[in-house]
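What follows is a single structure, written as structure tokens, with notes after it.
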Amino acid sequence: MLVKNNKRTLTSWLSLAAVVAVCVLLNVLGTKLNAALGLPLFLDNTGTILAALMGGYLPCITVGFLTNIIGGLSDSFTIYYCVISVFIATAAVTFAEKRMMMRFPHVAISVVTFAFLGGVLGGALTWLINGFSFGEGFAVDFAATIEKVLPIGYFTTNLISCFLIDVVDKLVVTAAAALLYLAVPRRLNRFLRVQSWHKLTIFERSQKKVRGRISLRVKVTLLVAVSTTLVAATAIGVSIIQYHNATVEDYVVTASHAAELIEKKLDKSKLPDFIAQGRKAEGYRETEDMLSSVREAAGEIRFIYVYQIAEDGTHVVFDLDTEDVKAEQAGAVIPYDKTVTKYRDKLLQGEEIPYDISDDYYGWVLSVYRPLRDDSGKTLCYLGVDLPMNRLRAQEFAFLAKIISLFVGFLIVIRTYAVWMADRKIIRPINSIAEAAGKVAFDTPQARQDSMEMLEKLDVDTGDEIEHLYVAYKGATAETVRYIDEVQKKNEQIVKLQNGLVMVLADMVESRDKCTGDHVRKTAAYTEIILRQMQKEGIYADRLTEDFISEVVSSAPLHDVGKIAVSDTILNKPGKLTDGEFNTMKSHTTEGGKVIDRAMVLVDEESDYLTEARNLAVGHHEKWNGKGYPQGLEGENIPLSARVMAVADVFDALVSRRSYKEPFSIEKALDIIREGSGNHFDPNVVKAFLDAEDEVRRVAATNMDI
């Protein structure tokens, strides 16, 4: 069994790998073909859609993810679109499972959905990755054309352009995938469908959600989704913080290097003259040109300035600014800005301060201040270098879009495999075992055999505690079946022994009465005929269970057990009994009840069998009209078993030979029974007896000569 399961598992994985490999190759070839033809499309989803049609979620999402990972080896930009490919794969499986993609009216819905995911979401991702730009290419040119006709903005027109181009792309790949699917041999399709990464268990379709409860499948899915989302959110948060800090550090290094370079080139001995005379000082203009050259060489620097921080404000020594903000003139005194205000005390004392990021009139900038000191170490003024931070925001959004795309795509793949593994190795096996446990039956040999076959078909092969549970449960069930079989065999032996003893006892009582012949057996046969006929006709349906019929038929031979207390003289008297003798004869009903009562005391527990035996012994001479004995019960107050025995007992007495009379004909006996309906006998019992006349005649004819 283990070798067989391992072989089947290996076959399943190999088939999955083959489907994934072929479909990824189709996507890659589609991309190459698109590039060779110079088309403004992508053609990279044919394999993804084919995988959805052939294999379901597992291979399809794997194909979508791997396509972009492999494409990223040659074009790193491609890797960031794995989340879009995974979304398209998920949508493709949804449509494929409902067979929508194979029906022409639904093709449009599929194509539009794919185009929305690839064009609109993909376009928005491109905009973020490019730092709020769609870049260049046919889509952008097409968007410009749309803008001329419908001026609705750069972002919106580019999304419309991407969507329309993607509609054409997805129509082509969907048609190609459908044609390839139809070309795949049906035998291969059936083979792939029954693999363990796709097939359902034998109870999968019959499983129902427990009302008011959350299923294990939902719990596992939520657990995987929440845990992976938390991990992803944490990783993304840490990554973006690290990216922000690293980028800021790069900005600080750039500004610091520029400040260091300026400090080396600056003639500090001239600073007092620059402070006092401004532009009139010798060498001022050359120094200003040097600052400009450093700013231009650095590229990213926006402001370079030299300020003297005093109590009355900030004194401008040099102020090089970009064109968008007006530069301050040398010698001007300006109010403290946010950075100066924050570090005012340290700046007034000539101390060093850390870099600072501010967002004010001059924009969102990073400022690095470097004290410029004379030979004695006295701080004369501060050199400031500012870098604009606005580009960082676009960079962070682009980085965030890239990392989220990678993480989400990767997490969807991980979640798919995790949920599939949990479904295959935990949920389905447990559900199947539970479903099987609910269907196991032990009431008949066939039911027990069917139950064991059902458990064998489960074939749980998880290789862990669940498989151990399955093996243990199957073993326990087999042991229970074996035990029940043994118990039933012993019960059958006990029943046969009981019935044998009853017959022996009845024969012992009957052997004292030389007039009754085989009376106990014949009355038992008639009783069973009547009960079965009533069951067939639905008479007293609430009472006539199999157990009840079995108990009555088995205890029927004891109906005359009370005759053991009647003397042989009376039992075998050839003539008519006197009134006293008849009263003694009638006492066999109450005496029979006493015999059964003693037996019930010995058993020391309630027994339906003995209860019916007592009802038969005491009540078989009661009459429907209440004129019978010993209690004079009337109608349905008479136990049902006794009412049935009354008909059987009288009929057998009529058709049997006695020492004091000849037997009546069957026709005459039937007429007498018919006439007694509603008077002597229960009408329902009589009806069933007469309806089963053929069976009655057969038993009577068999015993006519006894």
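With the requirement that a residue be aliphatic (A, V, I, L, M) and at pLDDT 90 or above, what does the stretch 640-653 give you? Reasoning before the result, please.
From the stretch 640-653, those aliphatic (A, V, I, L, M) are 640, 642, 644-648, 650, 653; that's our starting set.
LEU640, ALA642, VAL644, MET645, ALA646, VAL647, ALA648, VAL650, listed by residue number.
Would you say GLY538 is buried (at least 19 other Cβ atoms within 10 Å of the Cβ) and assigned by TED's automatic domain parsing to the domain that holds ARG643? No: the conditions fail for GLY538.
From the list ALA89, ALA139, which one is touching a Cys at 6+ places or on another chain (Cβ under 6 Å) and surrounded by fewer than 24 Cβ atoms within 10 Å (Cβ to Cβ)? Criteria check complete, one pass: ALA139.
Return the only residue of ARG521, ARG512, ARG482 being surrounded by 11 or more Cβ atoms within 10 Å (Cβ to Cβ) and either at pLDDT below 80 or touching a His at 6+ places or on another chain (Cβ under 8 Å) (or both). Checking each option against the conditions leaves just ARG512.
Within the stretch 302-321, restricting attention to residues that are surrounded by 13 or more Cβ atoms within 10 Å (Cβ to Cβ) and part of a loop (DSSP other than H, G, I, E, B), the residue that is modelled with the highest pLDDT is ARG302. The set of residues in the stretch 657-677 that are touching a helix residue (DSSP H, G or I) at 6+ places or on another chain (Cβ under 8 Å), in a helix (DSSP H, G or I) and surrounded by fewer than 19 Cβ atoms within 10 Å (Cβ to Cβ) comprises ILE666, LYS668, ILE672, ARG674.
Condition first: surrounded by fewer than 13 Cβ atoms within 10 Å (Cβ to Cβ), free of Cβ contacts under 8 Å to residues at least 60 places away in the same chain and either under 26 Å from GLU537 (Cα atoms) or not assigned by TED's automatic domain parsing to the domain that holds ASN583 (or both). Can you find one or more residues in the stretch 641-656 that meet it? Before you say what the answer is, go through the steps one by one.
Within the stretch 641-656, the subset surrounded by fewer than 13 Cβ atoms within 10 Å (Cβ to Cβ) is none.
No, the conditions are met nowhere in the stretch 641-656.
From the list GLY56, GLY38, GLY72, pick out the single residue that is at negative phi and of a type outside the set (A, V, I, L, M). Explain how you work it out, then say what you get.
On the way: GLY56 fails: at negative phi; GLY38 fails: at negative phi.
Checking each option against the conditions leaves just GLY72.
Scanning the stretch 271-301 for residues that are in a loop (DSSP other than H, G, I, E, B), out of contact with any Ser or Thr (no Cβ under 8 Å at 6 or more places or on another chain) and at pLDDT below 90 yields a total of 1.
Select from the stretch 678-695 the residues that are touching a residue at least 40 places away in the same chain (Cβ under 8 Å) and either in contact with a helix residue (DSSP H, G or I) (Cβ under 6 Å, 6 or more places away or on another chain) or surrounded by fewer than 16 Cβ atoms within 10 Å (Cβ to Cβ) (or both) and list them in ascending order.
Residues satisfying the conditions are GLY678, ASN679, PHE681, ASP682, PRO683, VAL685, ALA688, PHE689, ASP691, ALA692, GLU695.
Does the stretch 529-547 include one or more residues that are more than 14 Å from VAL644 (Cβ to Cβ), of a type in the set (Ser, Thr, Tyr) and under 60 Å from the mean Cα position of the chain (by Cα)? Within the stretch 529-547, one or more residues are more than 14 Å from VAL644 (Cβ to Cβ), of a type in the set (Ser, Thr, Tyr) and under 60 Å from the mean Cα position of the chain (by Cα).
Exactly one residue among GLY71, GLY55 is at pLDDT below 90 and farther than 27 Å from ILE403 by Cβ, and that residue is GLY55. Taking the stretch 359-462 and the helices (runs of 4 or more DSSP H) fully enclosed by it, no element has 2 or more residues that are in contact with a His (Cβ under 6 Å, 6 or more places away or on another chain) and either outside the structural domain of PHE87 (by TED's automatic domain parsing) or surrounded by fewer than 16 Cβ atoms within 10 Å (Cβ to Cβ) (or both).
Conditions (1) within 21 Å of LYS563 (Cβ to Cβ); (2) among the charged types (D, E, K, R); (3) not in a helix (DSSP H, G or I), marked per residue:
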residue	(1), (2), (3)
LYS594	yes, yes, no
ALA646	yes, no, no
LEU654	yes, no, no
LEU690	no, no, no
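Just to verify a result, which residue in the stretch 622-643, among those that are assigned to a loop (DSSP other than H, G, I, E, B) and touching a Lys or Arg at 6+ places or on another chain (Cβ under 7 Å), is farthest from ASN684 (Cα to Cα)?
Applying the filter and picking the extreme gives PRO630.
Applying the condition of being modelled with pLDDT under 85 and touching a helix residue (DSSP H, G or I) at 6+ places or on another chain (Cβ under 7 Å) to the stretch 382-397 and asking which residue is farthest from ASP321 (Cα to Cα) yields PHE397.
The values are calculated or read from the model by the stated rules, or taken from the named source; none is laboratory data. Here the structure is a predicted model, which means the values were calculated and not measured. Cβ coordinates were reconstructed from backbone atoms using ideal geometry, including for glycine residues, and neighbour counts include every protein chain displayed.
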